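Novice: Have a look at this one.
The values are calculated or read from the model by the stated rules, or taken from the named source; none is laboratory data. As the structure is a prediction and not an experimental result, all values here were calculated from the model. Please note: Cβ atoms are built from the backbone with ideal geometry, for glycine as well, and neighbour counts cover all protein chains shown.
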Amino acid sequence: MITVKDIAFVRYQVTDLESMEQFLVDFGLHQVVRTERALYMRAAGADHHSHISELGDKNAPIGFGLKAQSLADLERLAAHLNLSVEDSLEPGGGKRVRFTDPAGFVVDVIHGQALHAPLPTREPLAMNPAVQRQRFGKKVRVACRPSSVMRLGHVAVLVPNFQEMLAFYRDVLGFRVSDTYWAGVQQNTIAAFLHCGLGEQWTDHHTIAMVAAQDGVARFDHCAFEVLDLDDLFQGNEYLMARNYKHSWGVGRHVQGSQIFDYWRDPFGNKIEHWTDGDLVNDGMPVGHAEISNDEMSQWAPPLMPEFYE
């Protein structure tokens, strides 16, 4: 077993790089490299890139990248999978172990990829709740512009072999369960939210969310990017609305993970999320187990439409 410290990027195949780039710029990402065959986009944080689009004859998710805690972890993973640690020839370089997971996603576990200087953003806004005031003599003014996307936070996948996938990510990649959903009877676990197994260190409630696919088809449900703060999330909502992109669901607050969320569709139908204010957990936290239902999807939000599940 190795330690994964975070998600690195998501990878899609698309039929039009131009349309994808324009959407991602409006969503709040920034071009790093674009070739005739691929587009690499970054967030405002230091990661070299967090979204990859590869030109192809159909639109489909391909896989994602994960960050190994150390080069020794990468070497241990390669030995376990009977693979080699190789130099990454993609922008950002570094070392990687590439494999196909039990559901068919192409996974790159990477280490030593180049970093950028973070992009400038405004400071998070101080709030004035009814108690514990924080903002004195200062006004709130936000610009009409894309959200300040800070980083990729997680990917949610639908898989036909849920138990096999859960065991692989737990036993090989060191992920730990934060919360699960059951359906019908409590013994029938059909979804799990997995955080990086970093011991006592606090980390995102989930880096990978895994749900049993009722139709037996492996695919992404969504990828999710953390934005600067609440005003930044609503600012992005208005900016994307004004440009007539397809809104999927939000704004609301989740139950599992507590994130304030806003879901959109890219030009190829892929679901993509802005979020802020998520829970932090560590390996000592108790694991929750709840019955799956629309009520368990959010604490408050607009009605959940059937389109969200497409």
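Novice: Report whether or not ARG151 is basic (Lys, Arg), touching a Phe, Trp or Tyr at 6+ places or on another chain (Cβ under 8 Å) and within 26 Å of CYS223 (Cβ to Cβ).
Specialist: Here the answer is yes, as ARG151 does meet what is asked.
Novice: Tell me the residue from ALA38, ALA46 that is among the aliphatic types (A, V, I, L, M), touching a Pro at 6+ places or on another chain (Cβ under 6 Å) and surrounded by fewer than 20 Cβ atoms within 10 Å (Cβ to Cβ), please.
Specialist: ALA46
Novice: ARG265 - would you say it is of a type in the set (Lys, Arg) and in contact with a Leu (Cβ under 9 Å, 6 or more places away or on another chain)? Working first, answer last.
Specialist: On the way: of a type in the set (Lys, Arg): yes; in contact with a Leu (Cβ under 9 Å, 6 or more places away or on another chain): no.
The answer is no for ARG265.
Novice: Now for a different question. From the list GLN31, GLN13, GLN22, pick out the single residue that is out of contact with any strand residue (DSSP E or B) (no Cβ under 7 Å at 6 or more places or on another chain) and modelled with pLDDT of 95 or more. Please lay out each step first, then the result.
Specialist: Working: GLN31 fails: out of contact with any strand residue (DSSP E or B) (no Cβ under 7 Å at 6 or more places or on another chain); GLN13 fails: out of contact with any strand residue (DSSP E or B) (no Cβ under 7 Å at 6 or more places or on another chain).
Just a single option satisfies the conditions, and that option is GLN22.
Novice: Further question on the same structure: For the stretch 187-294, give me every one of the strands (runs of 3 or more DSSP E) that falls completely inside it and has 1 or more residues that are farther than 21 Å from PHE168 by Cβ.
Specialist: Result: 219-227, 246-253, 260-265, 271-276, 288-291.
Novice: How many residues does the stretch 91-106 hold that are within 19 Å of the chain's Cα centre (by Cα), outside any loop (DSSP other than H, G, I, E, B) and crowded, with 20+ Cβ neighbours inside 10 Å?
Specialist: Count: 0.
Novice: Something else now. Identify, please: which residue in the stretch 123-148 is touching a residue at least 40 places away in the same chain (Cβ under 8 Å) and within 30 Å of GLN69 (Cα to Cα) and is, among those, farthest from the chain's Cα centre (by Cα)?
Specialist: Within the stretch 123-148, the match that is farthest from the chain's Cα centre (by Cα) is PRO124.
Novice: Let me ask another. From the list ALA224, ALA290, which one is at negative phi, small (Gly, Ala, Ser) and at pLDDT below 95?
Specialist: Of the residues listed, the single one that is at negative phi, small (Gly, Ala, Ser) and at pLDDT below 95 is ALA290.
Novice: Next up: Which condition number in (1) within 22 Å of VAL109 (Cβ to Cβ); (2) in contact with a Ser or Thr (Cβ under 9 Å, 6 or more places away or on another chain); (3) not polar (S, T, N, Q) is the one that ALA212 fails?
Specialist: Failing condition for ALA212: (1).
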